[in-house]
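The values are calculated or read from the model by the stated rules, or taken from the named source; none is laboratory data. Everything quoted here is computed from the prediction, not taken from an experiment. Note: ideal-geometry Cβ built from the backbone for every residue, glycine included; neighbour counts use all protein chains shown.
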Amino acid sequence: MENQIVNKKEKKFISIVVYLHDVAPYLKYFLDTIIPIYEENFDQFELVCVDDACQDYTIEVLKEYVENKQIKAMVNVVHMSFFQGLESAMNAGRDIAIGDFVYEFDDIFVDYEPEVIMQVYEKLLEGNDIVAASSKGKLRLTSKVFYSLYNRTSRGKGKIGPETFRIVSRRAINRIKSMGQYIPYRKAVYMNCGLKATTICYESKDVKVRVKNKAVASERTALALDSFIYFTDVLERVSAIISGIFLLVTVGMGVYIISDVFNNTKPVEGWLSTMGFLALGFFGVFALLTIILKYLSVMLNLIFKQQRYLVSDIEKVVKR
């Protein structure tokens with residue numbers, strides 16, 4: 001009977017990359033939720049935890065858990081040299097993962113049934129290279145605005161949305177690395193790497209569970225702003241629109257001045273010339289800004305072709 005159970009397990013080697021930053025109170029529940037799923041369904045897997053300069057006892061909780069539970073997996077802790085944020089930390093964790101498929105957990109707050117973990121794996125086996133899990137719960141207004149604006153202005157064809165966690169094939173990881181591209185926002189790069197990607201949606205058990213970590217929320221706000229610069233042309237569009245408005249104002253002032261000349265109208269002395277000069281000046285400023293932003297976007301594409309993270313050390317957690 002035991003042999004039959006073993007034979008039903010998946011033979012693919014799985015890597016689980018988890019982001020950790022001051023989440024000690026929630027870590028045990030997260031591990032209790034996901035680890036049994038992997039032990040029941042896979043012959044071999046590894047757990048890669050990225051310690052992004054935790055200031056609490058998160059790592060101590062992790063080591064104690066591994067020791068007490070005697071989990072059947074290799075456990076590595078990637079210690080970042082200093083706090084570097086979600087994206088850089090997860091890039092580091094993914095780069096040392098050796099699995100055929102890599103699960104990426106950007107946070108450890110569980111609002112899904114454990115079965116969803118296997119559902120994304122099964123969906124991957126259907127021919128996809130990136131499969132994300134997304135909650136059907138209501139989005140914050142700010143998130144709706146961000147995704148709507150991002151997808152409208154993105155330079156790529158792939159559309160992004162809210163994701164809880166994802167699984168990525170080794171082929172997708174190798175594709176990104178072959179592009180020689182730094183990944184400032186993994187979700188956007190994955191969706192535009194040219195490989196098949198999809199998302200499965202689940203009913204959230206607790207729609208408020210993800211607001212527990214305020215540090216992650218504040219970081220993602222900054223990431224959202226950066227993403228508009230990295231992957232969209234929204235700033236160029238705004239600048240071009242403002243330039244167009246001032247151009248129309250300049251033309252309008254010119255027409256107004258000409259009409260006054262022919263009608264012998266005498267406005268306040270210096271008013272027309274001043275307004276015309278200001279309108280033309282603002283048009284020139286924003287036109288120049290549009291060119292500068294376009295130049296900067298090209299420079300960003302060149303600069304971010306190199307990885308940018310610093311790892312202090314990689315610690316193997318050994319079960320005694």
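Tabulated data for the structure shown
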item	result
Filter result for the condition that a residue is under 20 Å from Ala172 (Cα atoms), crowded, with 20+ Cβ neighbours inside 10 Å and either polar (S, T, N, Q) or in contact (Cβ under 8 Å) with a residue 12 or more places away in the chain (or both), over Val110, Val120	Val120
Residues satisfying the stated conditions in segment 7-45, i.e. in contact with a Gly (Cβ under 8 Å, 6 or more places away or on another chain) and more than 18 Å from Val120 (Cα to Cα)	Tyr19
Inter-residue pairs, beta-carbon under 6 Å, first within 17 Å of Asp52 (Cβ to Cβ) and in segment 68-82, second small (Gly, Ala, Ser) and part of a strand (DSSP E or B), 6+ apart	His79/Ser312; Ser81/Ser312
Residue match in segment 137-149 (condition: at pLDDT below 90, in a helix (DSSP H, G or I) and β-branched (Val, Ile, Thr))	yes
Among (1) within 22 Å of the chain's Cα centre (by Cα); (2) among the polar types (S, T, N, Q); (3) not in a helix (DSSP H, G or I) - the single one Asn76 does not satisfy	(1)
Residues of segment 31-42 satisfying the condition of being surrounded by 14 or more Cβ atoms within 10 Å (Cβ to Cβ) and acidic (Asp, Glu)	Glu39
Subset of segment 43-60 (residues that are surrounded by fewer than 19 Cβ atoms within 10 Å (Cβ to Cβ) and farther than 26 Å from Lys12 by Cα)	Ala53, Gln55, Asp56, Tyr57, Ile59, Glu60
Tabulated pairs, segment 196-207, first surrounded by 15 or more Cβ atoms within 10 Å (Cβ to Cβ) and at pLDDT 90 or above, second assigned to a loop (DSSP other than H, G, I, E, B) and of a type in the set (Ser, Thr, Tyr), C-beta under 9 angstrom, 6+ apart or interchain	Tyr202/Tyr112; Tyr202/Thr164
Matching residues, segment 79-115, being within 20 Å of the chain's Cα centre (by Cα) and either assigned to a helix (DSSP H, G or I) or of a type in the set (S, T, N, Q) (or both)	Gln84, Leu86, Glu87, Ser88, Ala89, Met90, Asn91, Ala92, Gly93, Arg94, Asp95, Ile96
